[in-house]
1. Working only within region 51-65, note down all residues that are in contact with a Ser or Thr (Cβ under 8 Å, 6 or more places away or on another chain) and over 20 Å from Asp107 (Cα atoms).
2. Give me the residue from region 117-132 that is exposed (fewer than 14 other Cβ atoms within 10 Å of the Cβ) and not basic (Lys, Arg) and, out of that set, nearest to the chain's Cα centre (by Cα).
3. Give the residue that is surrounded by the most Cβ atoms within 10 Å (Cβ to Cβ), with candidates limited to residues of region 89-101 that are more than 15 Å from Ser42 (Cα to Cα) and of a type in the set (S, T, N, Q).
4. Evaluate the following for Ser104: is it surrounded by fewer than 18 Cβ atoms within 10 Å (Cβ to Cβ), outside any loop (DSSP other than H, G, I, E, B) and either free of Cβ contacts under 8 Å to residues at least 40 places away in the same chain or not basic (Lys, Arg) (or both)?
5. Going through Glu16, Glu57, Glu12 one at a time, which residue ends up being of a type in the set (Asp, Glu) and closer than 23 Å to Ala133 by Cβ?
6. In region 76-117, which residues are touching a Pro at 6+ places or on another chain (Cβ under 8 Å) and not β-branched (Val, Ile, Thr)?
7. Restricting to region 40-71, name every residue that is among the β-branched types (Val, Ile, Thr) and part of a strand (DSSP E or B).
8. Going residue by residue through region 112-135, is there one that turns out to be hydrophobic (A, V, I, L, M, F, W, C), part of a strand (DSSP E or B) and modelled with pLDDT of 95 or more?
Amino acid sequence: MLADGSRPARVEDVHELALVMPHVTVEHGSRDNLVYQVGGKSFIFFRNPRPDAVDPETGERYHDVIVFWVASKADKQALVQDQASPFFTTAHFNGHPSVLLRASRVDELTRQELAEQVQDAWLSRASARRAAAWLSAHPPA
């Protein structure tokens, strides 16, 4: 537990938090990777190893990349430019409204921070009606 009573996030939390959002379906990608969708639109998915996301020292492809949609370019920049943030991007995602997170670094976030990121990802892809209903039931603190 951290001083504020929260705990470090776990990969299992990504799954749990995505599944509690309304109208979520789970698809399986080309290598059986999980893809969380709302209204047929992906908002989080576990990415297959790709040549654009590699260990800078070994050149080995990362096998644990999770993609989160974001609402705007400004939101993306805020997450990837913060040196303390575990979120990153690659040239492949230039212009794409998403950020990447290695599963091995999920614990650098608290469960609450991860919950906010999952909710923001869902909100960025949900229909306006669904997003408004969810926000009405969950006003910001």
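1. Pass one, region 51-65, residues in contact with a Ser or Thr (Cβ under 8 Å, 6 or more places away or on another chain): 52-53, 64.
Correct list: Asp52 only.
2. Residues of region 117-132 that are exposed (fewer than 14 other Cβ atoms within 10 Å of the Cβ), as a first pass: 127-129, 132.
From the residues that got through so far, the ones that are not basic (Lys, Arg) too are 127-128, 132.
Details: Ser127: 18, Ala128: 20, Ala132: 20 Å.
This residue is Ser127.
3. Thr89
4. Details: surrounded by fewer than 18 Cβ atoms within 10 Å (Cβ to Cβ): yes; outside any loop (DSSP other than H, G, I, E, B): yes; either free of Cβ contacts under 8 Å to residues at least 40 places away in the same chain or not basic (Lys, Arg) (or both): yes.
Answer is yes for this residue.
5. On the way: Glu57 fails: closer than 23 Å to Ala133 by Cβ; Glu12 fails: closer than 23 Å to Ala133 by Cβ.
One residue alone meets the criteria, Glu16.
6. Pass one, region 76-117, residues touching a Pro at 6+ places or on another chain (Cβ under 8 Å): 76, 101-102, 105-111.
Scanning region 76-117 gives Lys76, Leu101, Arg102, Arg105, Asp107, Glu108, Leu109, Arg111.
7. Residues of region 40-71 that are among the β-branched types (Val, Ile, Thr), as a first pass: 44, 54, 58, 65-67, 70.
Within region 40-71, Ile44, Val54, Val65, Ile66, Val67 qualify.
8. Residues of region 112-135 hydrophobic (A, V, I, L, M, F, W, C): 114-115, 118, 121-123, 126, 128, 131-135.
With part of a strand (DSSP E or B) added as a condition, the list becomes none.
Within region 112-135, not a single residue is hydrophobic (A, V, I, L, M, F, W, C), part of a strand (DSSP E or B) and modelled with pLDDT of 95 or more.
The values are calculated or read from the model by the stated rules, or taken from the named source; none is laboratory data. Note that this is a predicted model, so its numbers are computed, not measured. Here the Cβ is made from the backbone with ideal geometry for all residues, glycine too, and neighbour counts use every protein chain on show.
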